[in-house]
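Notes follow the structure.
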Amino acid sequence: MSESAVLIVDRLCKSYGGVHALRELSFSVNSGEKVAVIGPNGAGKTTLFNVLNGQLAADAGAVVFDAASIGGLPPQTIARRGVGRTFQVPATFGSMTARENVQLALFGRHTQLRAAFADARAFEAKESLALLERAGIVALADRSCATLAYGDLKRVELAIALACRPRLLLMDEPTAGLAPSERATLMSLVVALAANDGVALLFTEHDMDVVFAHADRVLVLNRGRLISAGPPSVVRSDPQVRKVYLGPPTLPGNA
Amino acid sequence: MTLSAFLIQLLNGLAGASSLFLVSVGLSLTFGVTRVVNFAHGSLMMLGAYIAYSLIAGLGGGAAGYWAAVALSALAVAGVGVLIERFLLRRLYGAPELLQLTATFGVVLIVKDVVLALWGPEDLLGPRAPGFSGSVNILGSAVPQYDLLLIALGPLVLFLLTWLLRTTRWGILVRAASEDREMTAALGVNQAWLFSGVFFLGALLAGLAGALQLPREPANLNMDLAVIAEVFVVTVVGGLGSIPGAFIAALIIGVAKALCIAIGELAVFGVVLSFPKLTLVAEFIVMAIVLALRPWGLFGRPPALPRPSEQRELLRPPGRPLHVIAAAALIFMALLPLFADEYTLVLLTDISIFALFAASLHFMMGPGGMPSFGHAAYFGLSAYAAALLARTLPMESALLIAPLFAGLAALVYGWFCVRLSGVYLAMLTLAFAQITWSIAFQWDAVTGGSNGLTGVWPAQWLSSRRAYYWLTLTAAAIAILALWRIIFSPFGYALRGVRDSPLRAAAIGIDPRATQWAGFTIAGLFAGIAGALYAFSKGSISPETLSIPRSIDALVMVLLGGLQTLVGPVLGAAVLTSLQDSIVRHTEFWRATVGAVVIALVLFFPDGLAGIVQRMGVRGRHPT
């Protein structure tokens, strides 16, 4: 475990009835590092994310963020500690504009949420526009999130997540549902923004091009177990990974 | 308390539990398949009792005639249930839950007036059941045979239903549809017949429960809401959609009540506690414990994720045009007393009060996303507090302090309610309101019981109708503007954020439950302001001030005006209050008229008045 680890996961277990979604899972993420979690469907990726951000309670094991245990804390507390999250299907506030979505995230950071008589529009308008600018959708700032295209929603979500100034960002399939060209653009944007803000990135992804192009390290899960971990080149040639997950014929860069 | 007295009460409680189970299980069954909480389920039971009363009289006094009458009543009610399903609910299966519930409440109002028209306002006590009119000696005390019959009936029905659902083809289809309606339809099951069938069964059980209740309790016009409140408590405790859950919950509540009655009066530290009057509180405590430990009830499961189909409309802060219109309307309203007569002034005062009441409910339901069917609890509680405080304090202080009691009640009730969402939450708010109503109704010494409190007059300087109207208008306007201001404050955004996406809200550091709890309390506090103003405008208050129909009035105002707008509730309050005022003057059956209006509204104008105005093209300048 490195000195600069921002997240340490130690022997994490979670089961649903008889199904073991996570079994004795241990790994760490260094600050500023980009780590991809891959694995076949049902490997436990989404369960892992839900445990990390507090939506699910683990059965056993420890989660340490910034040298403090965050296991068992509710999602809002974990978010306030500095763990951001985006969802597989983007979750935004549908009755608000893109700008209001980002503003609300900024209120949370500055603990203005209890202000019940202040006019919200006066707060954080500039910063929220700046964040939308960085996410490349400032032109859509006054559009309702209920009417935005899927790809634009993913960008709004990114702006929301960055508004909270996380030290670690959990992204569940950041490029799922997008056209291939859009995927590459969005992922480059995510990586550039994360690098700029010094945010560590833990993401799941099905698109191997994205994984091998952007991850510093890759964790491979299968049936709740970590079966391989290391730089993309190492994982790519790990015979066990090829056997359980990638399958010989479709391995990218090997065709 | 002797053992035999306790035993009698216990058996009595178990008999009550059986009939409560019959009604509750019907609601659970129909909800499981159709996903509609049928508010009129209690009305079906009431109808069963009244029909049985007439049929028993018509078919003669013999045992055969009696039991045939009971069976026929159940069948007749089942027929009514099928009619409701075919002609009303079938059109609403795709509609939002709230509209479905409101439509079934329209049915409640219509059934009540139909019963009133056919059977009159008197309570009707039926004869004893032939063959079960005597009593059995158990441990030296006489236990009515009829109670024993009912006690046996509960488990029997539980057994029959379980058998029906486990082994018959129809039962398997019902279970499949409860699990996944779309998939069952995709497999080619005729949904229409299945839904009608389930409604038939549910209504049959409700009708049977009503007919069987007749020897124990006279048929009366309060049965519908009293029963539905208890049924909601049972389903919330047992878990909505669970049949064994309904059985166990009905038993627990029946026994808890029996215990209260058996304990009787008890002196604790020199204070005499009257436990029989605490039966409702016992129900409340059971529910509180269960909800705190298992939010979805003893046998319930968390509901599936909220429907993704729910379209969110952009809520825009009031712009300049709205400010201008609101200011003009206020000036117009303020000048009206110079021309209006006394009668109109009373109506205008009512409209101002109900506009605030509706706006407070809108705050909770619209931006807060928490539907309430018991908002009158806070309105009425504050009215009572104002009346009681005015006995010792100056009227002005009473007016200011009373809403705090409403806020306090909302704080306590809200703690439980925000643990749930959607229909579950609405059912719980209704149960709390019914409990509050019962306390006001029964606590003669303090609340004056069914007569209420009189002599609640404003201070000298406010004693003219005109002066009081101006006070009301000013207070209501300030309060409504404050509510709007809160909606567009950071807190208001957080509240709306939790409604839009609890997942996303928590992920940016908002505590969903705490935020909703605060929103719930604010809504109760503002309803309390309306309630206190109301008390002094009428001079007297009665339990009717916090009854369910008053809660529904507020709900109709909000829906009539349109849930998605700020002005809607105010508009809805003005229209409904004027409408009621004129209907009451012209027909005895104003409930049925309001019920019919509610149903028509839900069927034809689901967006409300404000929605109609918007559709006609008066839209904001923002692109959509």
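Might you check whether a residue that is away from every other protein chain (no Cβ under 13 Å), more than 24 Å from the chain's Cα centre (by Cα) and of a type in the set (A, V, I, L, M, F, W, C) occurs anywhere in the range B:437-448?
Within the range B:437-448, the subset away from every other protein chain (no Cβ under 13 Å) is B:437-448.
So of that shortlist, the ones also more than 24 Å from the chain's Cα centre (by Cα) come out as B:445-446.
Now restrict to residues that are of a type in the set (A, V, I, L, M, F, W, C): B:445-446.
Among the residues of the range B:437-448, at least one is away from every other protein chain (no Cβ under 13 Å), more than 24 Å from the chain's Cα centre (by Cα) and of a type in the set (A, V, I, L, M, F, W, C), which makes the answer yes.
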Sole miss for A:SER95 among (1) on the phi < 0 side of the Ramachandran plot; (2) more than 7 Å from every other protein chain (Cβ to nearest Cβ) is condition (2)
Filter the range B:527-571 for residues that are closer than 18 Å to B:THR472 by Cβ and not in a helix (DSSP H, G or I); the one that is farthest from the chain's Cα centre (by Cα) is B:GLY539
Over the range A:118-135, the set of residues surrounded by fewer than 18 Cβ atoms within 10 Å (Cβ to Cβ), part of a helix (DSSP H, G or I) and within 12 Å of chain B (Cβ to nearest Cβ) is A:ARG121, A:ALA122
Given the conditions (1) surrounded by fewer than 20 Cβ atoms within 10 Å (Cβ to Cβ); (2) at pLDDT 90 or above; (3) more than 14 Å from chain A (Cβ to nearest Cβ), every one holds for B:ALA535 apart from (1)
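Would you confirm, using the coordinates I've provided, whether A:LEU162 is in contact (Cβ under 8 Å) with a residue 24 or more places away in the chain and either in contact with an Asp or Glu (Cβ under 9 Å, 6 or more places away or on another chain) or of a type in the set (D, E, K, R) (or both)? Step through it out loud before you land on a result.
Numbers: in contact (Cβ under 8 Å) with a residue 24 or more places away in the chain: yes; either in contact with an Asp or Glu (Cβ under 9 Å, 6 or more places away or on another chain) or of a type in the set (D, E, K, R) (or both): yes.
When the stated conditions are applied, A:LEU162 passes them.
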Those residues of the range A:136-161 that are out of contact with any Gly (no Cβ under 7 Å at 6 or more places or on another chain) and either more than 11 Å from chain B (Cβ to nearest Cβ) or of a type in the set (A, V, I, L, M, F, W, C) (or both) come to a total of 16
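Considering only residues that are of a type in the set (A, V, I, L, M, F, W, C), in contact (Cβ under 8 Å) with a residue 60 or more places away in the chain and within 14 Å of chain B (Cβ to nearest Cβ), which ones fall in the range A:29-64? Talk me through it step by step, then tell me what you get.
If we filter the range A:29-64 for residues that are of a type in the set (A, V, I, L, M, F, W, C), which is where we start, we get A:29, A:35-38, A:43, A:48-49, A:51-52, A:56-58, A:60, A:62-64.
Going one step further and asking which of them are in contact (Cβ under 8 Å) with a residue 60 or more places away in the chain, we end up with A:29, A:35-38, A:43, A:48-49, A:52.
Passing the criteria: A:PHE49, A:LEU52.
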Exercise. Please verify whether the range B:450-463 includes one or more residues that are crowded, with 20+ Cβ neighbours inside 10 Å, part of a helix (DSSP H, G or I) and either out of contact with any Phe, Trp or Tyr (no Cβ under 8 Å at 6 or more places or on another chain) or away from every other protein chain (no Cβ under 14 Å) (or both).
Key: yes
Of (1) in a helix (DSSP H, G or I); (2) closer than 30 Å to B:SER24 by Cα, B:GLY519 satisfies every one except (2)
With respect to A:PHE87, determine if the residue is buried (at least 18 other Cβ atoms within 10 Å of the Cβ), within 13 Å of chain B (Cβ to nearest Cβ) and touching an Asp or Glu at 6+ places or on another chain (Cβ under 6 Å). yes
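Considering only the range B:362-379, state which residues are in a helix (DSSP H, G or I) and within 14 Å of the chain's Cα centre (by Cα). Outline the logic, then answer.
Going residue by residue through the range B:362-379, those that are in a helix (DSSP H, G or I) are B:362-365, B:376-379.
Selection gives B:ALA376, B:ALA377, B:TYR378.
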Contact list, first residue from the range B:306-326 and within 12 Å of chain A (Cβ to nearest Cβ) and over 18 Å from A:ASN101 (Cα atoms), second anywhere and part of a loop (DSSP other than H, G, I, E, B) and at pLDDT below 75, beta-carbon distance below 9 Å, six or more apart or interchain, is B:GLY319/B:GLY620; B:GLY319/B:ARG621
Quick count over the range B:485-521, residues being surrounded by 24 or more Cβ atoms within 10 Å (Cβ to Cβ), within 13 Å of chain A (Cβ to nearest Cβ) and within 14 Å of B:ALA410 (Cβ to Cβ), is 2
From the option list B:LEU99, B:LEU75, single residue qualifying as part of a helix (DSSP H, G or I), farther than 17 Å from B:ALA203 by Cβ and hydrophobic (A, V, I, L, M, F, W, C) is B:LEU99
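Does B:GLY94 qualify as being modelled with pLDDT of 95 or more, of a type outside the set (Ser, Thr, Tyr) and surrounded by fewer than 16 Cβ atoms within 10 Å (Cβ to Cβ)? Reasoning before the result, please.
Working: modelled with pLDDT of 95 or more: no; of a type outside the set (Ser, Thr, Tyr): yes; surrounded by fewer than 16 Cβ atoms within 10 Å (Cβ to Cβ): yes.
Considered against the rule, which asks whether it is modelled with pLDDT of 95 or more, of a type outside the set (Ser, Thr, Tyr) and surrounded by fewer than 16 Cβ atoms within 10 Å (Cβ to Cβ), B:GLY94 comes out as no.
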Inside the range B:380-406, the number of residues satisfying the requirement of being part of a loop (DSSP other than H, G, I, E, B), among the aliphatic types (A, V, I, L, M) and more than 10 Å from B:PHE536 (Cβ to Cβ) is 1
If we ask which residues in the range B:203-223 are out of contact with any strand residue (DSSP E or B) (no Cβ under 7 Å at 6 or more places or on another chain), crowded, with 21+ Cβ neighbours inside 10 Å and farther than 10 Å from B:VAL77 by Cβ, their number turns out to be 5
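The values are calculated or read from the model by the stated rules, or taken from the named source; none is laboratory data. Computed from a predicted model, the values in this text were never measured in an experiment. When we count neighbours, we look across all protein chains shown, and the Cβ atoms used for this are built from the backbone with ideal geometry, even at glycine.
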